[in-house]
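Structure, as structure tokens:
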Amino acid sequence: MKRLYRSRDDAMFAGVCGGIAKYLGIDSTIVRIVTFLFIVPGGLSIWVYIALAIIIPLEPRENVIDESYGEKFSEPKTDSYEESYRNIYEEQKKKSDEDFY
């Protein structure tokens with residue numbers, strides 16, 4: 001279900017026109033021009049815009065931390081973790097023994 005929000009990223013004053021444009025799926029410039037044409041001759045009051053800015057909720061924030069930030073954590077499987085740890089240990093031991101002799 002689509003919801004009407006004031007836009008955070010496509011805002012000139014309060015984000016009302018950007019939110020309406022996103023809701024309707026059109027360019028925000030078209031909504032701004034139509035709004036301007038209604039306000040200038042007096043057909044639409046500036047008070048309607050202010051009322052919409054108060055009534056329409058602000059768009060919720062996206063996740064602040066991006067998914068690509070850092071490594072993804074996963075629980076190690078105990079069997080494979082122990083085996084890989086043992087293999088790394090054996091390889092390091094061989095290298096240290098070879099270096100020593």
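Taken as a whole, the condition of being in contact with a Leu (Cβ under 9 Å, 6 or more places away or on another chain), among the basic types (Lys, Arg), at pLDDT 85 or above and open to solvent by less than 90 Å² (accessible area, probe 1.4 Å) applies to ARG6.
Within segment 9-19, the set of residues being touching a Lys or Arg at 6+ places or on another chain (Cβ under 9 Å) and open to solvent by less than 70 Å² (accessible area, probe 1.4 Å) comprises ASP10, ALA14, GLY15, VAL16, CYS17, GLY18, GLY19.
Each residue in segment 1-43 was checked for being touching a residue at least 12 places away in the same chain (Cβ under 8 Å) and among the β-branched types (Val, Ile, Thr), and 4 pass. The set of residues from segment 1-39 being assigned to a helix (DSSP H, G or I) and among the basic types (Lys, Arg) comprises LYS22, ARG32. Screening segment 27-64 for residues that are modelled with pLDDT of 90 or more and open to solvent by 80 Å² or more (accessible area, probe 1.4 Å) and picking the one that is nearest to the chain's Cα centre (by Cα) gives ASP27.
The values are calculated or read from the model by the stated rules, or taken from the named source; none is laboratory data. All values reported here derive from a predicted model rather than from experimental measurement. Methodologically, a virtual Cβ is constructed for each residue, glycine included, from the backbone with ideal geometry; neighbour enumeration extends over all protein chains shown. Please note that ligands, DNA and RNA were not included when accessible areas were found on the heavy atoms of the full protein model with its side chains. Shrake-Rupley method; radii C 1.70, N 1.55, O 1.52, S 1.80 Å.
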